[in-house]
Amino acid sequence: MTQLARFILGLLAALALLTWAVSGVVQTTTHEWFERDVSAHAQLAMVSATRSMADAWYDPDGLQKRLVAIDRNQHVIGVAACNADLTTRSMTPDLPEDFHCRAVGVWVRAAGTAAGDENPKLREWSTIATLPTGRVYVAAMPVVSQGQALGFVILAHDLSYIERREARAQTFLLVVFGALAILAFGVPLLVARRVRHDWSMEVRKLLRKGGKQPREFQPILGDVRELIARMADEREDLPGQWTAERLRQILNRNLHGEKIVILANREPYSHIRGEDGRIEVQHPASGLVTALEPIMRACSGVWVAHGSGNADRETVDRNDHVRVPPEEESYHIRRVWLSEEEQQGHYYGFSNEGLWPLCHIAHTRPTFRAEDWAYYQKVNQKFSDAVCEEVDSEDPIILVEDYHFALAPAMIRKRLPSATIIAFWHIPWPNAERMGICPWHNELLEGLLGSSIIGFHTQLHCNNFLDSVDRYLETRRDREQNAVIMHGQKTLVRPYPIALEWPVRWAEMAPDPAACRVQVWKDLGLKPDALLGLGVDRLDYTKGIEERLLAVEMLLERYPKYRGRFTFVQLAEPSRTKIERYRELNEAVERLAKRINERFGTAEYQPIILLRSHHEPPEVFRYYRAADLCYVSSLHDGMNLVAKEFVAARIDLEGVLILSEFTGAAQELTEALIVNPYDLVKSSDAMAVALGMPEEERRDRMQSMRSMIGRFNVYRWAGKMLVDAAYLRNQERLSGRLAEHLPVSTNL
Ligand code: F6P
């Protein structure tokens, strides 16, 4: 029920109560008036009747005539003349039996006779009686002649007409009150509606027109815009689980079922010819792939990516397409081929020696070379062209992923002006000052502003991006919508923390935790009472792997009870190995593990086990399920989906997550043990706390994190972006339509 309906109902109830109370008072008052009126009238009639009857008392005809004359009055029921001995002298025929001389005489005598009096006297008497026909006023009065009582007269007066009058009076009263109520509430309501209508028309006009608004409307317009934005944000937050099906519905309903084109450097499946000559399908270790692959399964379309597998060329058709996922084909990959030089300049050079260290606070100096920049532009153009070849309408939905393609949105926009382009930046965005280190920061910003929406994991990264735009470009900022307008093109800048599919396919397929533990214990040769810590990463300096191993060393140093018992296994996927810094890291990690093992290890016990190779998801999930703790120690990370995967794997609610405060995930997984990975003492304490945590607390924390990642899953992540995109698209369509009808261009 709306607030207005509740208000009106309340008013009506109050009015009914008031009318009921007033009508009660009025009824009692009118009733008294009428009765008093009737008795006075009857008294008068009686006085004159007794007088005239005394004269005719001994003349039966004359007496009868007088009685009939009195009886003619429409309210008189009957009249009688009675002798002093209570016999009837004369009577009209309609006088009810209850009021005949003998019956009434008893009362007339009783009224005049005191107790013990032997000579009964007659006295005036009256009462109101109720007969089946209605109420009756009965009065009796002695007839006296020359000081002697001859008898008495009875007069019965009809009172039912009083009730009829009262009913009429009440109806009249209700009608008057009703009319007054309608006037009292209806008129102001109509006036208020009119005022509200005029006011909202004015606000709508102002909202549509944009530009300069009258001062008095500015605060309210701000509120309205904020509310609209919040509603747009919350529109899809309808209660209930986000699923692949629900995402499909969003796409069909809001974006008319158009297929999606994803542009991402890393492909979701690569074909690798092994040493035995057989081609195998590999799932690359990439958070981006983990998150986006379920979206493609749900929505279908094309994933445009670099064909990086050594057997990729052998597995495509003549359009460079391959249908995936294997055996459940629902979308296809369009592979783009890059020369050695292009890979070197675009991927290793500008993307991973320039932008990657620029965007992460991990103390590796970014390197920007002009030749890498030239390849970055060339490869962005190459991929943008491939995307434009894959679309099948003038206004497709294109998702541009990550820092490898900062220029692509503007390049695609040039060829497809009506496309909806959603760019997502999977890594942090640095502050404006740091962004200025890149000699081509303006070009990167302009490239990204070709998008309809730019998404980051956190609000902080959105703010850093907006600050960079403010600092380096001439643009207009729409602060209410968190948007940037450049050359008339609006780009929303929003946080969309990335997530996992739910339920996670690999967790569904994995053996139960007890079986995983048995297998992992066997693979690693652990003693039955061993305790296991786990790290899962690409071998990257942003992941804080060295700090993690140092924290393990600190644990063994400060908590000797774990020596010989606690083992930390690190699954480390070699990554970007052509870059010197990554090779250095690989060696540093190896040296560190060796040193710690030498310090605390024995012939049967190794505190650190380094597994440096590619691990397919089933194996990774086996480790997640077997471990007592998982330590994610990134020095800086956009989100980090390993943390979420560990939680997703723990259907048994066991295991403790230790999480770096410098990950995007730390803002969501607040029940993890949050640490500063540079603080080795506190990090080692956190490991000790995790290993000694009571079962109930472990389960509570895990349960709470699982419900969070189940609810805020990747379908919601994509759904939110698509809903925003649809909203923007509608807005643009509307303003485009309006602009067509306007004689001169305005600020639309
Ligand atoms: O974190 C950024 C990112 O692109 C992720 O999306 C992905 O997890 C990782 O880097 C993969 O890097 P690469 O594709 O260079 O192996």
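Are there cysteines in the chain with no second cysteine's Cβ under 4.7 Å away, and if so, which?
Cys299, Cys359, Cys388, Cys438, Cys462, Cys516, Cys630
Dipole magnitude of region 156-205 about its Cα centre, charges +1 at Lys/Arg Cβ and -1 at Asp/Glu Cβ only, in debye to the nearest 20?
420
Could you point to the residue in Gly277, Ala588, Ser90 farthest towards the positive end of the chain's charge dipole, with +1 and -1 charges on the Cβ of Lys/Arg and Asp/Glu respectively?
Of the listed residues, the answer is Ser90.
Per the 1.4 Å probe, what fraction of the accessible area of region 512-712, in percent, lies on carbon and sulfur atoms?
49
Quick one: net charge around Glu654, please, counting Lys, Arg +1 and Asp, Glu -1 for every other residue with C-beta under 9 Å from its C-beta.
+1
³J(HN,Hα) across region 332-342 via Karplus (A = 6.51, B = -1.76, C = 1.60, θ = phi - 60°), whole Hz, x for Gly/Pro?
3J(HN,Hα) across region 332-342, in whole Hz: 10, 9, 9, 8, 10, 9, 10, 6, 3, 5, 4.
Express in whole angstrom the spacing between the alpha-carbon centres of region 245-289 and region 139-186.
A separation of 93 Å, based on Cα centres.
Please compute, for the alpha-carbon atoms of region 512-712, the extent along each of the three principal axes and give them in descending order in Å.
On the principal axes, region 512-712 reaches 41, 37, 33 Å in Cα extent.
How about region 1-76: which trypsin sites (Lys or Arg not before Pro) there are in a DSSP loop, with at most 12 other Cβ atoms within 10 Å of their Cβ?
Within region 1-76, the qualifying trypsin sites (Lys or Arg not before Pro) (loop, at most 12 other Cβ atoms within 10 Å) are Arg72.
Under the rule of -39500 (n - 2.57) per DSSP H run of 4 or more residues, summed and divided by the residues of the chain, what mean residue ellipticity at 222 nm is obtained, to the nearest 500 deg cm²/dmol?
-15500 deg cm²/dmol
Taking all protein chains together and a probe of 1.4 Å, list Leu571, Leu734 from the most accessible to the least accessible.
Reading off the accessible areas and sorting them downward yields Leu734, Leu571.
Whole angstrom only: what separates the Cα centroid of region 409-487 from the Cα centroid of region 646-711?
33
Give Lys543/Lys644; Lys561/Lys682; Lys543/Lys682; Lys594/Lys682; Lys205/Lys720 a once-over and call out the pairs whose C-alpha atoms are over 20 Å from each other.
As for pairs spanning more than 20 Å Cα to Cα, those are Lys594/Lys682; Lys205/Lys720.
Only four residue types carry charge here, +1 at the Cβ of Lys and Arg and -1 at the Cβ of Asp and Glu. Report the dipole size of region 512-712 about the Cα centre in Debye, rounded to the nearest 20.
About 300 debye.
Considering only the other residues whose Cβ falls under 14 Å of the Cβ of Leu159, what net charge follows from Lys and Arg at +1 and Asp and Glu at -1?
Around Leu159, the surrounding residues sum to -2.
Output wanted: per-residue J couplings in Hz (rounded whole) for region 123-130, from phi through Karplus 6.51 cos²θ - 1.76 cosθ + 1.60, θ = phi - 60°, x for Gly and Pro.
After applying 6.51 cos²θ - 1.76 cosθ + 1.60, I find 9, 4, 8, 8, 7, 10, 10, 10 Hz.
If you average 1/r over all unlike Cα pairs in the chain and invert the result, what Kirkwood radius do you get in angstrom?
By the Kirkwood definition, the hydrodynamic radius is 33.6 Å.
Among Gly10, Cys101, Pro428, whose Cα projects farthest towards the positive end of the dipole of the chain, with charges put on the beta-carbon of Lys, Arg (+1) and Asp, Glu (-1)?
The Cα lying farthest towards the positive end belongs to Cys101.
Thinking of region 259-495 as a set of Cα atoms, what percent of all their pairs are more than 34 Å apart?
14
Mind putting a number on the dipole of the chain about its Cα centre? Charges go on the C-beta only, +1 for Lys and Arg and -1 for Asp and Glu, and I need it in Debye to the nearest 20.
Charge dipole of the chain: 1540 debye, to the nearest 20.
Working with all protein chains in place, sort Ile272, Ile295 by solvent-accessible area computed with a 1.4 Å probe, largest first.
The residues order as Ile272, Ile295, largest area first.
Projected onto the charge dipole of the chain (+1 at Lys/Arg Cβ, -1 at Asp/Glu Cβ, origin at the Cα centre), which of Tyr727, Asn310, Gly151 gives the Cα projection farthest towards the positive end?
Gly151
Please list, or write none, the aspartates and glutamates whose alpha carbon is within less than 17 Å of the alpha carbon of Lys522, excluding same-chain residues fewer than 8 places away.
Asp512, Glu604, Glu619, Asp628
Roughly what % antiparallel, to the nearest 5, for the DSSP beta bridges in the chain?
Here the antiparallel bridges make up roughly 45 percent for the chain.
Could the peptides 23-33, 442-452 be put in order, highest first, of the mean number of other beta-carbon atoms found within 10 Å of their residues?
Highest mean packing first, the order is 442-452, 23-33.
Provide the per-residue ³J(HN,Hα) series for region 667-679, in order, calculated from phi with Karplus coefficients 6.51, -1.76, 1.60 and θ = phi - 60°, each as a whole number of Hz, with x at glycine and proline positions.
6, 9, 8, 6, 8, 6, 7, 8, 10, 9, x, 6, 8
Determine the order of Ser339, Ser468, Ser418 by accessible area, beginning with the largest, at a probe radius of 1.4 Å.
Putting Ser339, Ser468, Ser418 in descending order of accessible area: Ser418, Ser339, Ser468.
Within 10 Å, Cβ to Cβ, of Arg135, how many net charges do the neighbouring residues add up to if Lys/Arg are +1 and Asp/Glu are -1?
Overall, the nearby charge balance is -3.
Could you list which residues have their amide H under 5 Å from that of Val656, counting only those 5 or more apart in sequence or on another chain, with H placed in the peptide plane?
Under 5 Å from the amide H of Val656: Leu629, Cys630.
Which residues' amide hydrogens lie under 5 Å from the amide hydrogen of Gly309, considering only partners 5 or more residues apart or on another chain, with H built in the peptide plane?
His271
Which GluC sites (Glu not before Pro) in region 65-162 pass both tests, a DSSP loop state and at most 14 other beta-carbon atoms within 10 Å?
Glu118
So, for the chain, what is the accessible surface per residue at a probe of 1.4 Å, expressed in square angstrom?
48
If the cut-off is a Cα-Cα distance under 29 Å, which lysines reach Lys382, setting aside same-chain residues fewer than 8 apart in sequence?
Within the straight-line cut-off, Lys382 pairs with Lys259, Lys414, Lys490, Lys578.
Would you kindly find the accessible area of Asp700, with a 1.4 Å probe and non-protein molecules such as ligands, DNA and RNA excluded, rounding to the nearest 10 Å²?
90
Go through region 468-534 and name the GluC sites (Glu not before Pro) that are in a DSSP coil and have 14 or fewer other Cβ atoms within 10 Å of their Cβ.
Glu474, Glu480
For region 19-164, what Kirkwood radius comes out of the mean inverse Cα-Cα distance, in Å?
For region 19-164, inverting the mean 1/r across all distinct Cα pairs yields 16.0 Å.
Ignoring ligands, DNA and RNA, what percent of the accessible area of region 259-495 is carbon or sulfur (1.4 Å)?
44
List the residues whose amide H sits under 5 Å from the amide H of Leu263, counting only those 5 or more places along or on another chain, with H placed 1.01 Å from N in the peptide plane.
Val304, Leu399, Val400, Glu401
The values are calculated or read from the model by the stated rules, or taken from the named source; none is laboratory data. On a predicted model such as this, the values are computed, not experimentally measured, just so you know. Don't worry about glycine lacking a Cβ; one is built from the backbone with ideal geometry, like all the others, and counts go over all protein chains shown. Accessible surface is based on the protein model in full, side chains and every heavy atom, while ligands, DNA and RNA are left aside. Shrake-Rupley method; radii C 1.70, N 1.55, O 1.52, S 1.80 Å.
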